[in-house]
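> This structure is in structure tokens; I'll ask about it shortly.
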Amino acid sequence: MSNKAIYPGTFDPFTNGHLDVLERALNIFDRVDVILAENSNKNTLFSVDERVAMVREVVSGLPNVSVDVLHDGLLADYARTAGAKAIVRGVRQVKDFEYEFQMSLLNRHLYPEVTTVFLMPNVKYTYVASSIIREVALLGGDVRKFVHPYVLKMLASKRELLKNRPSSHS
Ligand code: PNS
């Protein structure tokens, strides 16, 4: 039986920190499915289709990875149906841990066969979060070191789109 994990997240957008975690997971598991949560209670900059397109592009060279969307429902149910034994989550700092700890124990409650595995990205990504990348990129800052060129392009086109949108104050 294959030793499969799922790597869920909002990925708004997928960063090099996410990619680093995914590559580490691929050293442990036979297969890793990246799962984009559509309804993660977050107002995302990118639509789920845009996020999927970005992840597909970034992971296109990696073997044994697939990309899927959790449209609604519980991640634990998705893991059960997919036959995944592990949920991979990246942790960068101690402050990430409280939320991760809660989610991990709840997911275990919902699906006792699943184990959450926490992986630390390379230290150079410890301060890279999608939220800060979005903010810096939309304000015109250079985020080339932190995202794939395709994601960079998508951030640039979002910036143009937002710049050209009529202001709600006018
Ligand atoms: O990248 P994020 O936003 O930290 O990822 C959070 C995510 C998507 C993993 C979490 O919100 C999730 O699992 N959502 C699916 C719905 C669910 O199962 N919620 C209960 C989690 S215990």
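Derivation of every value follows stated rules applied to the coordinates shown; laboratory data play no part. Here the structure is a predicted model, which means the values were calculated and not measured. Cβ sites come from the backbone with ideal geometry, for glycine too, and all protein chains shown count toward neighbours.
> Kindly state, to the nearest 0.05, the FRET efficiency for Asp142 paired with Lys95, given R0 = 25 Å and r defined as their beta-carbon distance.
So the FRET efficiency works out to roughly 0.45.
> In nanometres, what is the gap between the two model label sites at Leu62 and Glu160, each 7 Å from Cα along Cα-to-Cβ?
2.9
> How fast does the range 4-127 diffuse by Stokes-Einstein, in µm²/s, taking the Kirkwood radius from C-alpha pairs at 37 °C and 0.692 mPa s?
225
> Now for a separate question. What pairs from Lys4/Lys42; Lys85/Lys158; Lys42/Lys85; Lys85/Lys124; Lys95/Lys163 go past 31 Å between their alpha carbons?
Check vs 31 Å cut-off fails for Lys85/Lys158; Lys95/Lys163.
> Report the trypsin sites (Lys or Arg not before Pro) located in the range 1-54 that are in a DSSP loop and have at most 16 other Cβ atoms inside 10 Å of their Cβ, or state none.
Those satisfying the criteria are Lys42.
> Within the chain, which DSSP H helices have Cα atoms that stretch 27 Å or more along the helix axis and a mean Kyte-Doolittle hydropathy of at least 1.0?
Helices meeting the criterion: none.
> Along the Cα→Cβ direction, 7 angstrom out, place labels at Ala53 and Phe118. What is the inter-label distance in nm?
3.6
> What spacing in nm lies between the two simple spin-label points modelled at Lys42 and Asn27, each 7 Å away from Cα in the Cβ direction?
With each label point 7 Å from Cα toward Cβ, the separation is 2.5 nm.
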